[in-house]
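Report on one structure; see the data block that follows.
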Amino acid sequence: MNLEVVRAEARKKLMGICGVYKDCDGSPMRICQGQSYGKYLKFGGIGSGTSFHNNFLAFRKYGLKMKVIGEHFEPDTTYDFFGNKLSLPVMAASVAGVNSFGGESVISEKEFCRSVVLGSKAAGTMGWRGDSYVYSIENSFGLDAIAEADGWGVKIVKPRDQETIIKFFKKAEHAGCIAVGTDVDGCESFAMSAHDIPVFRKKIDDLKELITSTNLPVIIKGIMCVEDAELAYQAGAAAIVVSNHGGRVLDHTPGSLDVLPEIAGQMKGKIKILLDGGVRTGYDVLIALALGAEAVLIGRDIVRAAVGAGIEGVRIHMEYMLKTLAKAMKMTNCKNLSEISSAILV
Ligand SMILES: Cc1cc2nc3c(=O)[nH]c(=O)nc-3n(C[C@H](O)[C@H](O)[C@H](O)COP(=O)(O)O)c2cc1C
């Protein structure tokens, strides 16, 4: 089994939904794009798909500076995430709702969650779990998988009503989760409201209430401007994820990497900064870290890995990320993550 085999298998199972192209670039020509007009959003980006495409294009604006003369070394890719040592600064994003990529006939929600959480753990890193209208306090597949992994995971809850989010956070504490959070950019989720589960914009006081309701670190995901980053910080959040939700929540946003330098410029040192959207290889990871992210998340590639070969597929994909990151670090003369800076970009 190798990554090519995993992806070939995923290509068969995701026929008509995702082409499992060499580059998952969100180009308007891809079969996943344009699927949301008047219909449920499947695997592409919202509306014209520009936000999804911009995530990918943002990485193409930077080059890596090769620096190969000097002492030989093996790079140390390990990363400390809230006191837990990960093999690399890459985690599986909080993707939920297998209905977006073919439904239960492709992979069940339960198996998808297990693949992401246990496969990431097998590679020495961590899987995050999301939230969808099929999830409830009684039936939360993501938290079940995290409990099976002895709490090795993060649970992100949609911006539902406060009481329900707090109940999810309590359940996450019982499962032993490392952290919890909410994707504040899910406040216009069509899928949730179409199933009579209201979602809301959150005020700073709402965030404070959520953050003080739990003893776990709370992550605010879906930050695309300095103002929101500052409010999340003032509310007491432990981390932010700079993200436009893989281009799935608002048409015509910049790429998440486009806004990272400004946010990192204002917030670095005050709060943990993570990023997702368009990260496909270790080379991309290095660019994101050079621009100020501490770690990154990967979304669609983890879906393809899980659909292709379950737990083993996710493990293989994460190992590919590790190998490419280690290669990129060696070639740019970065011995460990703290040596990565914007000086390696050209
Ligand atoms: C099918 C699908 C479902 C998603 N569901 C969620 C979710 O439930 N919660 C959440 O915070 N983000 C969700 N996301 C967004 C991802 O967490 C992440 O931000 C995004 O996929 C990163 O971009 P990438 O796919 O280019 O790696 C979803 C993304 C996809 C593609």
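Among the conditions (1) assigned to a helix (DSSP H, G or I); (2) within 23 Å of D284 (Cα to Cα); (3) of a type in the set (V, I, T), the only one that T164 does not satisfy is (2).
With respect to being more than 20 Å from the chain's Cα centre (by Cα), at pLDDT 95 or above and aliphatic (A, V, I, L, M), I263 falls outside the description. The condition (being of a type in the set (S, T, Y), within 22 Å of K335 (Cα to Cα) and either part of a loop (DSSP other than H, G, I, E, B) or in contact (Cβ under 8 Å) with a residue 40 or more places away in the chain (or both)) is satisfied by just one residue among Y40, Y62: Y62.
Taking K272 as the residue in question, decide whether it is closer than 23 Å to K22 by Cβ, out of contact with any helix residue (DSSP H, G or I) (no Cβ under 6 Å at 6 or more places or on another chain) and at pLDDT 95 or above. No, not satisfied. When the criteria are applied in full, Y21 meets the requirement of being hydroxyl-bearing (S, T, Y) and either in contact with a Pro (Cβ under 9 Å, 6 or more places away or on another chain) or without any contact (Cβ under 8 Å) to a residue 12 or more places away in the chain (or both). Among the residues of segment 298-310, is there at least one that is more than 16 Å from the ligand (Cβ to nearest atom), within 30 Å of E109 (Cβ to Cβ) and surrounded by 22 or more Cβ atoms within 10 Å (Cβ to Cβ)? Yes, some residue in segment 298-310 is more than 16 Å from the ligand (Cβ to nearest atom), within 30 Å of E109 (Cβ to Cβ) and surrounded by 22 or more Cβ atoms within 10 Å (Cβ to Cβ).
Taking the listed residues G222, G186, the one that is free of Cβ contacts under 8 Å to residues at least 40 places away in the same chain, within 14 Å of the ligand (Cβ to nearest atom) and in contact with a His (Cβ under 8 Å, 6 or more places away or on another chain) is G222, with no other qualifying. Among the conditions (1) surrounded by 13 or more Cβ atoms within 10 Å (Cβ to Cβ); (2) part of a loop (DSSP other than H, G, I, E, B), the only one that N99 does not satisfy is (2). Residue pairs whose Cβ atoms lie under 7 Å apart, sitting 6 or more positions apart in sequence or on different chains, and linking a residue in segment 261-278 that is closer than 16 Å to Q234 by Cβ to a partner that is of a type in the set (D, E), are K272/E294; I273/E294. Just one of the numbered conditions (1) more than 15 Å from the ligand (Cβ to nearest atom); (2) of a type in the set (V, I, T); (3) closer than 21 Å to L297 by Cβ is not true of V68: (3).
Regarding segment 78-95, can at least one residue be identified that is farther than 26 Å from L337 by Cβ, within 15 Å of the ligand (Cβ to nearest atom) and under 19 Å from the mean Cα position of the chain (by Cα)? Scanning segment 78-95 turns up no residue that is farther than 26 Å from L337 by Cβ, within 15 Å of the ligand (Cβ to nearest atom) and under 19 Å from the mean Cα position of the chain (by Cα). Mind listing just one residue for me: the one in segment 114-140 that is within 15 Å of the ligand (Cβ to nearest atom), hydrophobic (A, V, I, L, M, F, W, C) and touching a residue at least 40 places away in the same chain (Cβ under 8 Å) and, of those, surrounded by the fewest Cβ atoms within 10 Å (Cβ to Cβ)? Out of the qualifying residues, it is M126.
Of all the residues in segment 100-112, those that are under 16 Å from G313 (Cβ atoms) and either within 11 Å of the ligand (Cβ to nearest atom) or among the hydroxyl-bearing types (S, T, Y) (or both) number 4.
The values are calculated or read from the model by the stated rules, or taken from the named source; none is laboratory data. Every value quoted in this text rests on a predicted model; they were computed, and no experiment measured them. Positions of Cβ are backbone-derived with ideal geometry, glycine not excepted, and every protein chain shown enters the neighbour counts.
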